[in-house]
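Colleague: Quick one: this structure, given as structure tokens, is what I'll be asking you about.
The values are calculated or read from the model by the stated rules, or taken from the named source; none is laboratory data. Being a predicted model, the structure only gives us computed values, none of them experimental. Cβ sites come from the backbone with ideal geometry, for glycine too, and all protein chains shown count toward neighbours. The area values use the complete protein model at the heavy-atom level, side chains included, leaving out ligands, DNA and RNA. Shrake-Rupley method; radii C 1.70, N 1.55, O 1.52, S 1.80 Å.
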Amino acid sequence: MNRSGEFRVYAVRYATREASSGEHFYGGDPHDAPMPMDYFVWAAVSEERAVVIDTGFAADVAVRRGRRHLLCPTEALAEIGVDSRGVSPVILTHLHYDHIGNLQKFPAAQFVVQEKEMAFWTGRYAGRPHFRGIIEEEDILYLVRENFRGRLRFVSGSEEILPGIEVHRVGGHSAGLQVVSVRTGRGRVVLASDATHFYANLEQDRPFSVVQDLARMYGAFDIVRSLAGSSGHVIPGHDPLVMKRYPPARDGLEGVAVRIA
Ligand SMILES: [Zn+2]
């Protein structure tokens, strides 16, 4: 039984791809060894409610971008008892394609976005080559439209979303990237999303290769470290090790969903 305001936290793996280490560090990696990348969404679940963090991408986007889609994130969420059709809020860590697909499968959700992130993707640099390639236009357009229906909750900096769940803007990888800290039975867990794609980025102080502001990426490392009680309380955004370090959410969900706290 969880105490009120304490959440169980799950990571759900919905896609993966082969890759090499040179792709994952700003300036490359001299060893350039195989280093696959997983794609996740996360859920925080208490006795009273569920919150979803990010919404993944769909199978057609996976085909176009050469990723291996394992299942729709909403199917995996259903396996851990989270119905995407009813859940709210949904926190969007940032608006890159691998974090905000499938939005229409969350029809009841209020989407929590950092004001700076939304401003960036509707602003002057969004269409430049480096940036426009890492979003799906339809996802951004969906959010613009739903904003007129009152479905976006804009936040700026650090805010409590509900008791036990806070967001913190860190920027760096994207203009308004936010991390999510969740109160759990084993202390505060920081869902770092792309503030650190892999454990190695943070541990070795080596930012990832996709950059909006390099200095802020280092700053994001500092913020994540200060929020988390220990390195064991940080969950990176794309590291296959997450599936190895934590147990399956339940029998039968090996390789699909793990329980982090
Ligand atoms: Zn990502």
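Colleague: Given axes a ≥ b ≥ c from the Cα gyration tensor, I'd like to know whether the range 149-246 is rounded (a/c under 1.5), prolate (a/b larger than b/c) or oblate.
Modeller: Oblate shape, in that a/c is at least 1.5 and b/c is the bigger or equal ratio.
Colleague: If I stretch the segment between Arg259 and Asp222 completely, what's the gain in nm (0.36 nm per residue apart, minus their alpha carbon distance), one decimal? Present the calculation step by step, with values, prior to reporting the outcome.
Modeller: Working: separation 37, 0.36 × 37 = 13.32 nm, distance 2.55 nm.
Full extension of this stretch gives 10.8 nm more.
Colleague: Sticking with this structure for a sec: Name the long-range amide H neighbours of Ile161: under 5 Å, sequence gap of 5 or more, or other chain; modelled H, no Pro or chain starts.
Modeller: Glu166, Val167
Colleague: For the chain, give the share of DSSP beta bridges that are antiparallel, in percent and rounded to the nearest 5; count only bridges with both residues there.
Modeller: About 75 percent, rounded to the nearest 5.
Colleague: Compute the distance in nm between two label points, each set 7 Å from the Cα along the Cα-to-Cβ direction, one at Ala19 and one at Ser230.
Modeller: 2.8
Colleague: I need the shape label for the chain. Rule: rounded when a/c is under 1.5, else prolate if a/b > b/c, else oblate, with a, b, c from the alpha carbon gyration tensor. Each step should come with its number before you reach the end.
Modeller: On the way: a/c = 1.24, a/b = 1.08, b/c = 1.15.
Rounded, since a/c falls under 1.5.
Colleague: Something else now. Could you order the peptides 132-142, 99-109 from most to least packed, using the average number of other C-beta atoms within 10 Å per residue?
Modeller: Top of the packing list down: 99-109, 132-142.
Colleague: Once neighbouring chains are kept in place and the probe is 1.4 Å, which whole percent of the accessible area of the chain is contributed by carbon and sulfur?
Modeller: Numbers: 5440 of 11060 Å².
Summing carbon and sulfur atoms, their accessible area is 49 percent of the total for the chain.
Colleague: Please compute the modelled spin-label separation between Arg149 and Ala33, points set 7 Å along Cα→Cβ, answer in nm with one decimal.
Modeller: Distance between the two pseudo-spin positions: 4.8 nm.
Colleague: Hey, another quick one. How long is the gain from Tyr26 to Val63 if the chain were fully straight, where each residue apart is worth 0.36 nm and the alpha carbon distance is subtracted?
Modeller: That pair, Tyr26 and Val63, stretches by 10.7 nm at full extension.
Colleague: Ranked highest first by average number of other Cβ atoms within 10 Å, how do 168-180, 210-222 line up?
Modeller: Order by mean packing, descending: 168-180, 210-222.
Colleague: Can you tell me the length gained on complete extension of the stretch Asp251 to Ser156, counting 0.36 nm per residue apart and subtracting the Cα distance?
Modeller: Gain on stretching Asp251 to Ser156: 30.3 nm.
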